[in-house]
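The numbers here are math on the coordinates, done by the rules we state, and not lab data. Just so it is clear, the structure is predicted and the values come from calculations on it, not from any experiment. We place every Cβ from the backbone using ideal geometry, glycine too, and count neighbours over all the protein chains shown.
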Amino acid sequence: MTAIHILGFGAYTPERRMSNDELTRLVDTSDEWIVSRSGIRARHVLADGEQNSDAGTKAALQALEHANISPESITHVLTATCTPDYLCCPSTACIISSNLGIHGEMAFDISAACSGFIYGLDLAKGILSHSPDANILLVATEALTRRINWQDRGTSVLFGDGAGAMILGAGSSTGKAQLIDSKCRADGAQHLLLTVGGGSNHRYEPGDAVQPDFYIQMQGREVFKVAVRSLTAICREILSRNELEVGDIDLFIPHQANLRIIEAVGSRLAMPHDRIFVNVDEHGNTSAASIPLALREAWELGRIQPGMKVLLSTFGGGFTWGAALLQF
Ligand code: UT7
């Protein structure tokens with residue numbers, strides 16, 4: 001089996017920070033409600049004129065520098081996002097390629113909501129298995145605040161903007177870590193529980209106002225239950241098929257959607273608190289970007305050291321979910 005190396009990873013957080021108190025001026029809510037229901041204290045928001053692809057490009061530049069690799073060496077650009085610059089085309093991956101001067105073999109977007117980054121890892125594994133000379137840039141970037149209806153207090157308090165990126169390759173190069181395994185799942189039966197629309201569902205004439213489904217819509221309570229169940233199950237599955245126990249995991253980086261979901265999954269897995277990485281308090285839910293953002297932050301904080309096994313897991317709209325195991 002081809003060894004998949006993680007050559008470098010990076011992240012980008014927009015400068016503008018919006019606290020819960022600031023949000024209370026836009027929507028009928030309170031810091032106390034948001035913190036107690038979600039653990040979120042702030043989120044970051046793209047500046048006017050700053051695009052989702054700009055955030056992804058900045059994360060990619062940091063990943064390229066970390067990998068010590070030039071953009072010219074990149075053969076594939078995969079971008080996980082549910083808030084692309086353009087809904088249909090060009091892909092955000094093509095815009096990021098252009099920003100970086102990459103003229104590779106493939107550039108395309110992955111639409112798997114919050115699971116896009118783990119889906120991207122699994123796809124990268126497939127590409128590298130049949131093209132071991134490829135150098136893959138996987139970017140996960142989101143501009144979710146551009147799809148927030150600020151009058152909807154059930155969703156507007158939860159999401160933020162951000163980006164993460166990773167460079168993957170195969171062959172003899174050692175890299176920072178190895179991707180030991182990844183596993184993805186999907187079940188569309190409940191796809192209407194979490195939507196971000198604006199697609200061809202509605203016929204628009206020039207000048208029409210957008211329909212309500214243009215914005216994030218979510219039945220939070222239902223999504224919560226499925227998220228806890230699916231995240232727990234996929235973690236158990238990937239551990240079992242690698243003959244690992246929870247105790248073998250040095251750091252668990254779950255999707256940062258809600259602290260209560262993270263705690264519920266942690267307790268079902270019997271994962272010690274000090275092995276679970278949390279940064280949802282500072283970023284809110286950044287969808288596909290959440291895991292690579294957390295990974296870079298954990299690494300910068302010294303929470304990841306050589307020799308460690310790191311478990312990633314995610315859940316998102318669709319529904320989609322997945323997990324990955326990294327060996328540092
Ligand atoms: O990336 C994966 C996708 N998303 C998620 O993982 C999110 C999953 N769901 C959740 O995280 C939680 O369901 C929420 C945080 C969205 C909501 O928490 P909840 O405990 O399920 O609250 P709820 O929706 O059942 O609402 C409880 C009450 C309601 O009032 P009443 O009917 O009890 O009087 C809501 O109207 O809280 C009210 N409420 C709010 N109050 C203040 C809902 N949103 C707010 C708000 N501020 N922002």
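Comparing D208, D54, D161 in a Gaussian network model of the chain (Cα springs below 10 Å), the most mobile by mean-square fluctuation is D208. The spacing between the range 126-165 and the range 18-54, judged by their C-alpha centroids, is 17 Å. Across the range 39-48, coupling constants 3J(HN,Hα) worked out from phi with the 6.51/-1.76/1.60 Karplus curve, θ = phi - 60°, read x, 8, 10, 7, 9, 10, 10, 4, 6, 4 Hz, and Gly and Pro carry x. For D181, nonlocal amide neighbours, meaning residues 5 or more places apart or on other chains whose placed amide H falls under 5 Å from its own, are L325. Residue by residue, the range 209-216 carries 3J(HN,Hα) couplings of 6, 6, 6, x, 6, 4, 8, 4 Hz when phi is fed to the Karplus relation 6.51 cos²θ - 1.76 cosθ + 1.60 (θ = phi - 60°); x denotes Gly or Pro.
When peptides 124-132, 71-79 are ranked by their average number of other Cβ atoms within 10 Å per residue, the highest-first order is 71-79, 124-132. What lysines sit close enough to K125 to cross-link, taking a C-alpha to C-alpha distance under 29 Å and skipping anything fewer than 8 places away on the same chain? The reachable lysines, counting only those whose Cα sits under 29 Å from K125, are K58, K176, K183, K309. Close amide H partners of C82, meaning residues 5 or more places away or on another chain with modelled amide H under 5 Å apart, are A288.
Centroid-to-centroid, using Cα positions, the range 270-320 and the range 85-124 are 21 Å apart. If only the Cβ of Lys and Arg carry +1 and only the Cβ of Asp and Glu carry -1, the dipole of the range 88-217 around its Cα centre is close to 240 debye.
Phi-derived couplings, Karplus 6.51 cos²θ - 1.76 cosθ + 1.60 at θ = phi - 60°, listed residue by residue for the range 80-89: 8, 7, 10, 10, x, 4, 10, 4, 9, 7 Hz, with x used for Gly and Pro.
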